[in-house]
Amino acid sequence: MAGSRAMVLAAAGRPLRLEHHAVPEPGAGEIIVKVSACGVCRTDLHVVDGELTEPRLPIVPGHEVVGRVAALGSEVDRFAPGERVGVPWLGWTCGDCLYCRSGRENLCPDARFTGYQIDGGYADHVRVDQRYAFPIHGDYTDIEAAPLLCAGLIGYRALRKAGEAARLGLYGFGAAAHIVAQVAAWQGRALYAFTRPGDTAAQDFARSLGAVWAGPSDASPPEPLDAAILFAPVGALVPAALRAVRPAGRVVCAGIHMSDIPSFPYDILWMEREIVSVANLTRADGEEFLALAPKVPVRTTVEPWPLEKANEALSALRDGRVHGAAVLKTA
């Protein structure tokens with residue numbers, strides 16, 4: 001194989017730089033994936049901007065990776081050369097702690113994450129533990145499939161945390177929400193979309209995906225919600241969502257990072273309302289969602305960018321200029 005390009009973060013707050021590396025060699029139980037597409041996720045922004053404070057530096061970001069198996073290490077028994085695979089945020093867990101042994105490996109205290117402690121998919125090639133890669137089902141192109149690997153997976157876990165909510169609010173209508181909206185509508189839920197004030201394009205987008213109501217995040221829905229999911233990393237939306245849900249309603253915080261939640265009166269939490277968070281994903285989440293997505297079918301709206309334009313793609317996401325999901329393409 002020829003050499004491999006990678007967009008590398010050397011220090012928080014600095015632009016990524018394009019570097020040329022040797023193609024990595026697989027170790028025991030590892031595969032080398034030739035990357036064709038990698039989604040640009042808000043978590044990548046949190047890493048690049050230094051809001052997530054424990055990266056292994058230098059690091060290659062990216063954890064919504066789609067490509068084909070290019071090389072196998074010894075003891076690989078799950079994949080064959082040329083097979084299409086997806087690589088998610090969760091990259092390794094210990095397998096021995098209380099959480100791993102109880103089906104909650106997403107909470108493993110020693111977990112390592114793709115694009116954070118393990119080099120990720122802003123590159124031509126990535127080395128992956130075979131246990132933490134998934135087959136990609138359905139007729140998705142590689143670019144269309146990439147957002148399923150985090151926006152889809154974390155969104156799906158958040159949807160499950162919302163329980164049986166018939167009236168569901170989504171705060172922040174970006175990559176994750178536009179996927180979750182399709183699954184929730186397919187399940188027969190009524191969707192209420194909350195966007196940045198003035199973002200009528202996002203509101204129209206939400207309606208096109210089945211929302212029965214769409215409006216600004218500082219507005220009240222026309223009827224009380226059973227649950228709300230916060231994809232926007234804005235702590236001030238937590239009290240707003242609590243006011244929007246009915247007694248015994250639930251507010252799900254789906255991001256890995258959020259600005260501070262301001263103080264709020266107890267009465268909006270009273271009546272057995274709940275606030276819960278979503279952390280990472282399990283491999284079971286991945287297998288379940290990636291099998292479900294083609295059945296809905298989930299269709300992703302993507303904006304492709306060349307690999308070397310990763311900094312521009314991150315800036316567009318930071319500024320709210322991405323419609324659906326941004327995806328880097330290597331070919």
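What follows draws every value from the coordinates through simple rules; no lab data is involved. Note that the structure is a prediction, hence the values are computed from the model and not measured. When we count neighbours, we look across all protein chains shown, and the Cβ atoms used for this are built from the backbone with ideal geometry, even at glycine.
Just a few scattered comments:
- Counting Lys and Arg as +1 and Asp and Glu as -1 over every other residue whose Cβ lies under 12 Å from the Cβ of Pro58, the net charge comes to +1.
- ³J(HN,Hα), Karplus 6.51/-1.76/1.60, whole Hz, each residue of the range 64-76, x for Gly, Pro: 10, 9, 10, x, 10, 5, 9, 7, 10, x, 5, 6, 7
- Working note: Karplus 6.51/-1.76/1.60 with θ = phi - 60° gives the range 213-225 the couplings 8, 9, x, x, 5, 8, 9, 9, x, x, 8, x, 8 Hz, where Gly and Pro are set to x.
- Which labelled figure in (i) 19.0, 58; (ii) 19.4, 63; (iii) 20.1, 66 is Rg and Dmax of the Cα atoms in Å, once derived from the coordinates: (ii)
- Using the average count of surrounding beta-carbon atoms within 10 Å as a protection proxy, the listed peptides 303-309, 140-146, 280-286, 152-158 rank, highest first, as 152-158, 140-146, 280-286, 303-309.
- Backbone amide hydrogens, once placed in the peptide plane, bring Thr114 within less than 5 Å of Leu90, Gly91, excluding anything fewer than 5 places away on its chain.
- Segments 95-105, 235-245 sorted - mean Cβ within 10 Å per residue, highest first: 235-245, 95-105
- Take each peptide in 199-211, 55-67, count the other Cβ atoms within 10 Å of every residue, and average; sorted highest first, the result is 55-67, 199-211.
- Helix-only mean residue ellipticity at 222 nm for the chain, each DSSP H run of n ≥ 4 adding -39500 (n - 2.57), per residue, nearest 500: -6000 deg cm²/dmol
- Near Val212: Cβ cut-off under 12 Å, other residues only, Lys/Arg at +1 and Asp/Glu at -1. The net charge is +2.
- With the charge dipole of the chain set up from +1 on Lys and Arg Cβ and -1 on Asp and Glu Cβ about the Cα centre, the Cα lying farthest toward the positive end among the listed residues Ile179, Leu168, Ala232 is that of Leu168.
- 3J(HN,Hα) from dihedral phi, the range 109-119, Karplus parametrisation 6.51/-1.76/1.60, rounded to Hz, x for glycine, proline: x, 9, 4, 10, 10, 5, x, 10, 10, 10, 3
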